[in-house]
Amino acid sequence: MYRKPLNALALSLLIIACKKDDVIRPAVPTGPVTRQETNTWILDSMRYFYLWNNGLPALADSQPAAAAFFAGLKDKADRFSVIYQQDDPSSLPRYMLYSFGLTFNVISYPAAPGGAIGVTGLVVPGSGAAILGIKRGDYFTAINGTTLTTANAALLSQEILNSGNAVLTMATVNGNTVVKGEDITLTARTIREQPIYKQNTQQVNGKTVAYLFYNAFDDYYNANVLNAFKQFKAAGATELIIDLRYNAGGSVAGAALLNALIAPGINENSVFAKYSGNNNMGQRTVSYQSALSVPETGGPLTFSSLTAGRLSLQRVFILTGPQTASAAELTINTLKSYMQVVQIGLSTLGKDKAAVIITDMRSPQRIPYTMLPLTYNLANAKGEGGYVNGITPDYRIDELSALPLSPVGHAGDPLIAKAISIISGGGRESVYPETVVQRYFDAQASMADKQVLKIPTALR
């Protein structure tokens, strides 16, 4: 008997009879929710959806709390499955960019007071950080009055996320001299990011080069992405640079949209991606139209509506870093089935799997948890995936090897400069060292590590 994937309620409450299509519904539990009930719900859901379900125990342990029990079920290869309690904000992940409006790296800097220095990477326009004058490439040497060191960078950063308050001691750097500046106080608030930070076109040796800095696959801004490509097409763009160096991912539909605007020789029925799960979830081939039809927000998109912005290029330059993850990696890998992808920067994070969202759908709800267990391996139209260690760039360049950081989209940025050099035919040897600067804390990579690519129900 064919059986569609069930939602979490069905997993815990329904028994499917194979002789007939009748459904036996056990009585809904009453009274206080016990750990045994909660953990049984978790285990039943994981047994159906989880990619590594063969290694799960037969019975749920009633002793651990839900989060601890869930963590104990995870396979050793699983870095990204998560659970959180819906009515407990403290269980939700917090992100520097969406709390304080900036990202930063902490790197070794012997001339700094504690031998380490913070370097701001991205500042959300209109955020408190931006209003107070913080900009990309600024430096700081202390957090909440404590001097930064390579040993305390991660702890201090986590403390300000937990408290929602931060005082950054800014600094100026002149060669080997670090001069203390003013203290800037930041208070966390919810920030909605407009993910297109920069778009432009320029002429390079008779070629029209389009550039887009895109920081999140947020379906709310799909129209903005389409409009940007319409402008690129109107300008006669023949080369394209997509800057995903800080893009931690987002929507499957958003990734399909960007790909459809770039890739040549595809139509609505062309394969966007392939998913492969456990024995319950099976395998799924997803077309561009299928992926476009189920955005996380807003109405469905159609492939035909993208015609006015489709560039259909033969190659694309994509700039990446260790923060590039999830839907951004899916974009890179799936484009490789249809065109040349020239990747510049550092290796991506390595999220080659996706999750489904599981909640208790009963009314009233008894289990107040949401789970996102890894459910599918991701591959492109050629069946290529397996980038658990990240997608390796064609040209390895670390932006932190060329301080101070250039503004977003600036020609002096080493990753952009490399792309322009290749486009102009000016040689393929990099003028920047290939050494990778060690990061003792990376705010955006920490965010990318916590986000999971979510497969819409219609695409399971």
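The values are calculated or read from the model by the stated rules, or taken from the named source; none is laboratory data. All values reported here derive from a predicted model rather than from experimental measurement. Because the Cβ atoms are built from the backbone with ideal geometry, glycine has one as well, and the counts that use them run over all protein chains shown.
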Quiz item: Taking the stretch 235-262 only, how many residues are closer than 17 Å to LYS351 by Cβ and part of a loop (DSSP other than H, G, I, E, B)?
Solution: 7
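Report the residue count in the stretch 280-304 for those that are outside any strand (DSSP E or B), in contact with a helix residue (DSSP H, G or I) (Cβ under 8 Å, 6 or more places away or on another chain) and surrounded by fewer than 21 Cβ atoms within 10 Å (Cβ to Cβ).
Residues of the stretch 280-304 that are outside any strand (DSSP E or B), as a first pass: 280-282, 288-304.
With the extra rule that they be in contact with a helix residue (DSSP H, G or I) (Cβ under 8 Å, 6 or more places away or on another chain), the set shrinks to 280-281, 288-298, 300-303.
Next, from what is left, pick out any that are surrounded by fewer than 21 Cβ atoms within 10 Å (Cβ to Cβ): 280-281, 289, 293-294, 296-298, 300, 302.
The qualifying residues number 10.
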Quiz item: What residue, of SER91, SER62, is under 26 Å from the mean Cα position of the chain (by Cα) and within 28 Å of LEU374 (Cα to Cα)?
Solution: SER91
Quiz item: Under the condition of being farther than 30 Å from ALA263 by Cα and among the basic types (Lys, Arg), which residue from the stretch 340-381 is modelled with the lowest pLDDT?
Solution: ARG362
Quiz item: In the stretch 263-279, what residues are outside any loop (DSSP other than H, G, I, E, B), surrounded by fewer than 24 Cβ atoms within 10 Å (Cβ to Cβ) and not aromatic (Phe, Trp, Tyr)?
Solution: VAL271, LYS274, SER276
Exercise. Scan the stretch 119-145 for residues that are modelled with pLDDT of 95 or more, more than 15 Å from ASN174 (Cα to Cα) and not in a loop (DSSP other than H, G, I, E, B) and jot them down.
Key: THR120, GLY121, LEU122, VAL123, ALA129, ALA130, ILE131, ALA142, ILE143
Quiz item: Take the residues of the stretch 30-66 that are under 19 Å from ASP360 (Cβ atoms) and among the aromatic types (Phe, Trp, Tyr): which is surrounded by the fewest Cβ atoms within 10 Å (Cβ to Cβ)?
Solution: TYR48
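Working only within the stretch 338-354, note down all residues that are without any contact (Cβ under 8 Å) to a residue 40 or more places away in the chain and of a type in the set (A, V, I, L, M, F, W, C).
Going residue by residue through the stretch 338-354, those that are without any contact (Cβ under 8 Å) to a residue 40 or more places away in the chain are 340-341, 352.
If the condition is that a residue be without any contact (Cβ under 8 Å) to a residue 40 or more places away in the chain and of a type in the set (A, V, I, L, M, F, W, C), then VAL341 is the only one that fits.
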Exercise. Tell me, please, whether a residue that is among the aliphatic types (A, V, I, L, M), more than 19 Å from ALA256 (Cα to Cα) and at pLDDT 95 or above can be found in the stretch 215-225.
Key: no
Quiz item: Quick one: is ALA210 closer than 21 Å to LYS351 by Cβ and of a type in the set (A, V, I, L, M, F, W, C)?
Solution: no
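Filter the stretch 229-242 for residues that are on the phi < 0 side of the Ramachandran plot and free of Cβ contacts under 8 Å to residues at least 40 places away in the same chain and give the result.
Initial filter on the stretch 229-242 (on the phi < 0 side of the Ramachandran plot): 229-235, 237-242.
Result: GLN231, ALA234, ALA235.
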Quiz prompt | Long-range neighbours under 6 Å by Cβ, at least six apart or interchain, first residue part of a strand (DSSP E or B) within the stretch 162-173, second among the acidic types (Asp, Glu) | solution = VAL167/ASP183; THR169/ASP183; MET170/GLU182
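Got at least one residue in the stretch 66-89 being assigned to a strand (DSSP E or B), hydrophobic (A, V, I, L, M, F, W, C) and either touching a Cys at 6+ places or on another chain (Cβ under 8 Å) or over 24 Å from ALA402 (Cα atoms) (or both)? Write out each step before concluding.
Just the residues of the stretch 66-89 that are assigned to a strand (DSSP E or B), to begin with: 82-85.
Retained after the next criterion (residues that are hydrophobic (A, V, I, L, M, F, W, C)): 82-83.
Now narrow it down to the ones that are either touching a Cys at 6+ places or on another chain (Cβ under 8 Å) or over 24 Å from ALA402 (Cα atoms) (or both): 82-83.
Within the stretch 66-89, one or more residues are assigned to a strand (DSSP E or B), hydrophobic (A, V, I, L, M, F, W, C) and either touching a Cys at 6+ places or on another chain (Cβ under 8 Å) or over 24 Å from ALA402 (Cα atoms) (or both).
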Quiz item: Consider SER363 against the criteria (1) assigned to a strand (DSSP E or B); (2) under 30 Å from PRO29 (Cα atoms): it satisfies all of them except one. Which criterion is unmet?
Solution: (1)
Exercise. List the number of the failed condition for TYR98; all other conditions in (1) hydroxyl-bearing (Ser, Thr, Tyr); (2) at pLDDT below 95; (3) more than 17 Å from GLN444 (Cα to Cα) hold.
Key: (3)
Practice problem: Go through the stretch 170-199 and count every residue that is surrounded by 15 or more Cβ atoms within 10 Å (Cβ to Cβ), of a type in the set (Val, Ile, Thr) and under 18 Å from GLY101 (Cβ atoms). | Solution: 3
Quiz prompt | Close pairs from the stretch 374-385: first in a strand (DSSP E or B), partner hydroxyl-bearing (Ser, Thr, Tyr), Cβ under 6 Å, at least 6 apart | solution = LEU374/SER81; TYR376/TYR275; ASN377/SER276
Quiz prompt | Top-ranked residue in the stretch 351-374 [being among the basic types (Lys, Arg) and under 17 Å from GLY250 (Cα atoms); ranked as surrounded by the most Cβ atoms within 10 Å (Cβ to Cβ)] | solution = LYS351
Quiz item: Quick one: how many residues across the stretch 314-330 are within 18 Å of TYR395 (Cα to Cα) and out of contact with any Gly (no Cβ under 9 Å at 6 or more places or on another chain)?
Solution: 3
Quiz prompt | Those residues of the stretch 371-396 which are in contact with a strand residue (DSSP E or B) (Cβ under 6 Å, 6 or more places away or on another chain) and aliphatic (A, V, I, L, M), in sequence order | solution = MET371, LEU372, LEU374, LEU378, ALA379, ALA381
Practice problem: List every residue pair whose Cβ atoms lie under 8 Å apart, where the two residues are 6 or more positions apart in sequence or sit on different chains, the first residue falls within the stretch 422-447 and is within 16 Å of PHE317 (Cβ to Cβ), and the second residue, located anywhere, is assigned to a loop (DSSP other than H, G, I, E, B) and at pLDDT below 80. | Solution: ILE422/ARG428
